[in-house]
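Notes follow the structure.
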Amino acid sequence: PGKTLNDLIRKHGKLPVDRVLAIAAQILQGVDVLHRLGYVHGDLHGGNVMVSSLKDPRVKLIDMQMAADKGRTGRAKARRRVVSPPAHLAPESGGTWIDDRYDIYGVGFMMACMMSGKVLKKPLNCRNVGPAGTASPLWEVVCRAVESDPSKRYPSAAHMAAALHSAWRQVALRWGAC
């Protein structure tokens with residue numbers, strides 16, 4: 001039971017920071033397990049993430065149709081090649097090989113959607129993100145995750161999760177919550 005993340009964003013708009021973090025952390029846990037099992041999801045976006053509820057979110061990654069085996073090299077042969085990929089897919093969608101950082105882009109893009117309150121249709125311009133009142137350390141995590149150059153993204157879901165945790169601590173200290 002639940003709704004897709006995109007459906008929740010369309011219904012509720014901008015999500016509270018604690019919910020963004022709870023949902024993103026669970027997505028990253030699922031992605032980490034998938035990567036450790038040797039696969040790249042290959043199609044990670046808000047339509048392929050189910051969320052039980054906003055009050056007590058439980059997340060499930062769905063639609064493994066584009067999942068690809070990384071093999072011993074840590075890279076997977078992309079199951080599809082998209083010449084002009086939609087904004088929610090990493091720019092390297094037009095290439096032949098993908099790795100864990102491909103899914104990291106998807107997590108960052110979903111966070112941007114949750115934080116902006118919109119299912120975004122265009123790639124992020126990180127020079128113009130972080131609406132007033134939004135915690136900038138979280139936008140810094142998002143912007144690194146959606147770098148167009150995969151080598152500049154977090155190398156793993158665990159690294160991104162650690163950065164999220166650190167950003168949350170900065171935000172909580174700023175708000176006096178710690």
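The values are calculated or read from the model by the stated rules, or taken from the named source; none is laboratory data. Computed from a predicted model, the values in this text were never measured in an experiment. Neighbour counts run over all protein chains shown; Cβ positions are idealised from the backbone, glycine included. Ligands, DNA and RNA are stripped out before the accessible areas are found, and what is left, the full protein with its side chains, is counted by its heavy atoms. Shrake-Rupley method; radii C 1.70, N 1.55, O 1.52, S 1.80 Å.
Return the tail of the calculated pair distribution for the chain, meaning the percent of Cα-Cα pairs more than 19 Å apart. Display every interim value, and only then the final one.
Working: 8461 of 15753 pairs.
When all Cα pairs of the chain are counted, 54 percent exceed 19 Å.
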Rank these by accessible area, largest first, 1.4 Å probe: Y105, Y39. Y39, Y105
I'd like the per residue volume of the convex hull spanned by the Cα atoms of region 36-124, given in cubic angstrom. 95
Anyone know which of C126, C113, C143 comes out most mobile in the 10 Å Cα GNM of the chain? C126
Per-residue HN-Hα couplings for region 58-67, Karplus 6.51 cos²θ - 1.76 cosθ + 1.60 at θ = phi - 60°, whole Hz, x for Gly and Pro? 10, 10, 9, 8, 10, 6, 8, 4, 9, 4
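To the nearest 500 deg cm²/dmol, what mean residue ellipticity at 222 nm is calculated for the chain from DSSP H runs of n ≥ 4 alone, each contributing -39,500 (n - 2.57), summed and divided by the residues?
Working: 5 runs with 74 residues, N = 178.
Dividing the helical sum by the residues of the chain leaves -13500 deg cm²/dmol.
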Any chance you could check the Cα centroid distance between region 65-104 and region 1-61 for me, in angstrom? 19
For the chain, the longest principal axis of the Cα atoms and the Cα long axis of helix 17-36 enclose an angle in degrees, to the nearest 10, of 20
Cα extents of region 1-59 per principal axis, largest first, Å, are 35, 20, 19
Can you tell me how much longer the chain between S151 and R80 gets when fully stretched, taken as 0.36 nm per residue apart minus their C-alpha distance, in nm with one decimal? 23.5 nm
Would you mind telling me which residue in M110, M66, M50 has the biggest mean-square fluctuation in a Gaussian network model of the chain, where springs connect alpha carbons within a distance under 10 angstrom? M66
Measuring from the longest principal axis of the C-alpha atoms of the chain, the long axis of helix 136-145 (C-alpha) lies at a number of degrees, nearest 10, equal to 0
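Could you please put E147, E92, E140 in sequence from largest to smallest accessible area, using a 1.4 Å probe? The partial results should precede the final answer.
On the way: E147 65, E92 35, E140 120 Å².
Putting E147, E92, E140 in descending order of accessible area: E140, E147, E92.
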Given contacts defined as C-alpha pairs under 8 Å and at least six residues apart, what's the relative contact order of the chain, whole-number percent? 24
Can you give me the angle between helix 157-175 and the longest principal axis of the chain, using Cα atoms only, in degrees from 0 to 90, rounded to the nearest 10? 10
With Cα springs under 10 Å, the Gaussian network model of the chain assigns the largest mean-square fluctuation among I27, I62, I98 to I62
For the pair D69 and R10, how long in nm is the line joining their label points, each one 7 Å along Cα→Cβ? 3.6
